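The values are calculated or read from the model by the stated rules, or taken from the named source; none is laboratory data. What you see is a predicted model; the values in this text were computed from it and never measured. Positions of Cβ are backbone-derived with ideal geometry, glycine not excepted, and every protein chain shown enters the neighbour counts. Side chains included, ligands, DNA and RNA excluded: accessible areas come from the protein's heavy atoms. Shrake-Rupley method; radii C 1.70, N 1.55, O 1.52, S 1.80 Å.
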Amino acid sequence: MASDSKIKLSYFPIIGLAEPIRFLLAYLGKEFEDHRIGGKEWLATKSTTPWGKVPVLEINGQRVTQNVAICRYLAKEAGLCGKDNWENLRIDEIVDVLGDFRTELAKYHYELDAKKKESLKDPLFNEIVPFYMKKLEALIKENNGYLANGKLSWADLYFGAVSDYLNYMFGSEITDGYPSFKALKEKVYALPQIKAWLDKRPAEDYSYRDEILAALSKK
């Protein structure tokens, strides 16, 4: 990516799936337009996006979607990939595991049917979350305090970026009781480029969802 590239990232005004991209752009020291889309704007512009989804990253007029694919590209630019294909596989594996974990939390958090949501609660909190967290905690211990290959990689930045989103869906700090995981999050947050981003990061605004629901209810 050229140093003078014009970069625009479009996503809702929350952490969500755009935050790993924001973290990696910050790590790279890239200036970018952090375009935060309200609900009305999203409904008006959704059909103009490449695949009808966000985040959308635009570099010098070219637009792409899919947060993991974008992160992998930025990680290569940042030198945060593995030294060979096997190390890259290990990183990809963990990022996909984190995606699976996020999906499990989202199934519960975003469920609108109260009865169904209640049925999901015990398995999530007593089985699913401990399963993922215990295995990830052990993995970090085996990897010198990191998620893959015994060194800092984009998997660590990816986790750090989505951790507050996981907390939001979980209802509390998800790393509590998992000291290696907590230490990794603190390590990522202490990186100078990431700290600088966190210091200026806008507050989240979930009103966009109400705007979308209100608009859809009128149809």
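Side notes on the structure shown:
- Here's the picture: a label point sits 7 Å out from the Cα of Lys53 along the beta-carbon direction, and within the stretch 60-92 the residues with their amide nitrogen under 17 Å of it are 63-73.
- Projected label points at Leu213 and Asp4, each 7 Å from Cα along the beta carbon direction, are separated by 4.8 nanometres.
- Translational diffusion coefficient (Stokes-Einstein; Kirkwood radius from C-alpha pairs) of the chain at 20 °C, 1.002 mPa s, in µm²/s: 116
- Once the Cα gyration tensor of the stretch 1-83 is diagonalised, semi-axes √(5λ) in Å: 22, 13, 12
- Per-q log10 I(q)/I(0), the stretch 85-191, q = 0.24 Å⁻¹ (Debye; single scatterer per alpha-carbon; no solvent): -1.37
- Carbon/sulfur fraction of accessible area - the stretch 85-191, other protein chains in place, 1.4 Å, %: 53
- Figure note: Ile194, Ile59 ranked by solvent-accessible area, largest first, 1.4 Å probe, ligands and nucleic acids not counted: Ile59, Ile194.
- Loop sites by DSSP among the chymotrypsin sites (Phe, Trp or Tyr not before Pro) of the chain, restricted to those with at most 15 other Cβ atoms within 10 angstrom, leave 111-205 as the longest stretch without any of them.
- Annotation: per residue accessible area for the chain equals 53 Å², rounded to a whole number [probe 1.4 Å, protein chains only].
- Relative to the compact-globule estimate of 2.2 N^0.38 Å, the Cα radius of gyration of the stretch 122-165 comes out at 1.27.
- Other residues whose C-beta falls under 13 angstrom from the C-beta of Leu28 contribute a net charge of +1, scoring Lys and Arg +1 and Asp and Glu -1.
- The alpha-carbon of Lys195 sits under 18 angstrom from the alpha-carbons of these lysines, leaving out residues fewer than 8 places away in its chain: Lys30, Lys182, Lys185, Lys187.
- Applying 0.36 nm per residue to the separation of Lys134 and Lys151 and subtracting their alpha-carbon distance, the gain on full extension is 4.1 nm.
- Separation between Cα centres of the stretch 98-148 and the stretch 162-188, rounded to whole Å: 12
- You can think of it this way: the chain between Asp199 and Lys46 has 52.0 nm of extra reach, that is 0.36 nm per residue less the Cα-Cα gap.
- Maximal additional length on extending the Lys121-Lys107 stretch stands at 4.0 nm, based on 0.36 nm per residue less the C-alpha distance.
- Its Cα centre serving as origin, the chain has a Cβ charge dipole (Lys and Arg +1, Asp and Glu -1) of approximately 380 debye.
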